[in-house]
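**Q** Dropping the structure in here first, questions after.
The values are calculated or read from the model by the stated rules, or taken from the named source; none is laboratory data. None of these values were measured; they are calculated from a predicted model. Cβ placement follows ideal geometry from the backbone for every residue including glycine, while neighbour counts extend to all protein chains displayed. Side chains are part of the model used for accessible areas, which takes the heavy atoms of the whole protein and leaves out ligands, DNA and RNA. Shrake-Rupley method; radii C 1.70, N 1.55, O 1.52, S 1.80 Å.
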Amino acid sequence: MDSQAKLQGTVHSLYRVVVGLLFASHGASTLLGVFGGAMGKGGTVPFGTWPGWYAAVIQLAGGILVLLGLGTRISALICSGSMAYAYFVVHQQIALHPLQNGGELSALFCWSFLLIVVLGPGPLSVDALISRARTRTAPARVETA
């Protein structure tokens, strides 16, 4: 592997880690009241409240899974979908443009997670580690004529 490909893989993986960490932080603030609490106003969202509590569960669990690079593509797809839902159901009701409706984060997270779905977790991930371990332990195939 050349140095440019290695650098790209590292940056790709770091991008996934940062996006996952930021997303998990949103979920933690809403569910656990940390980092200023729900919407920066302290406190938490009541258990089972639609859609806030469910969105926060997706943010925390999905963010952690993406951060680790474990089940990355499916986790990122669910996270992307939840942000698309947030944008079109919550923000677009106010105005079309994200700067007018407060939906910049929803749009950015939606597209960031979609990029992760397409590109995968990168080389520095639990998924890549599992894949490498399976390759090393896979029995050799016997070719028959």
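**Q** Restricting to the range 7-28, name every residue that is touching a residue at least 40 places away in the same chain (Cβ under 8 Å) and more than 13 Å from the chain's Cα centre (by Cα).
**A** Within the range 7-28, Gly9, Thr10, His12 qualify.
**Q** Another question, then. Here are the criteria: (1) out of contact with any Lys or Arg (no Cβ under 6 Å at 6 or more places or on another chain); (2) closer than 30 Å to Ala5 by Cβ; (3) small (Gly, Ala, Ser). Tell me which single one Gly122 does not satisfy.
**A** (1)
**Q** In this structure, is Leu31 surrounded by fewer than 16 Cβ atoms within 10 Å (Cβ to Cβ) and either basic (Lys, Arg) or within 18 Å of the chain's Cα centre (by Cα) (or both)?
**A** In short, no.
**Q** Still on this structure, I have one more. Inspect all residues belonging to the range 53-62 and state whether any of them is in a loop (DSSP other than H, G, I, E, B) and open to solvent by less than 30 Å² (accessible area, probe 1.4 Å).
**A** Within the range 53-62, the subset in a loop (DSSP other than H, G, I, E, B) is none.
No, the range 53-62 contains no residue that is in a loop (DSSP other than H, G, I, E, B) and open to solvent by less than 30 Å² (accessible area, probe 1.4 Å).
**Q** Scanning for something hydrophobic (A, V, I, L, M, F, W, C), open to solvent by 30 Å² or more (accessible area, probe 1.4 Å), in a helix (DSSP H, G or I) and on the phi > 0 side of the Ramachandran plot, does the range 36-44 turn up at least one residue? Walk me through it before giving the result.
**A** Going residue by residue through the range 36-44, those that are hydrophobic (A, V, I, L, M, F, W, C) are 38-39.
Narrowing further to those that are open to solvent by 30 Å² or more (accessible area, probe 1.4 Å): 39.
Right, trim to in a helix (DSSP H, G or I) and you get 39.
Those still in the list that are on the phi > 0 side of the Ramachandran plot too: 39.
Yes.
**Q** How about the range 83-123: which of its residues are part of a helix (DSSP H, G or I) and polar (S, T, N, Q)?
**A** Once the filter is applied, which keeps residues that are part of a helix (DSSP H, G or I) and polar (S, T, N, Q), the range 83-123 yields Gln100, Asn101, Ser106, Ser112.
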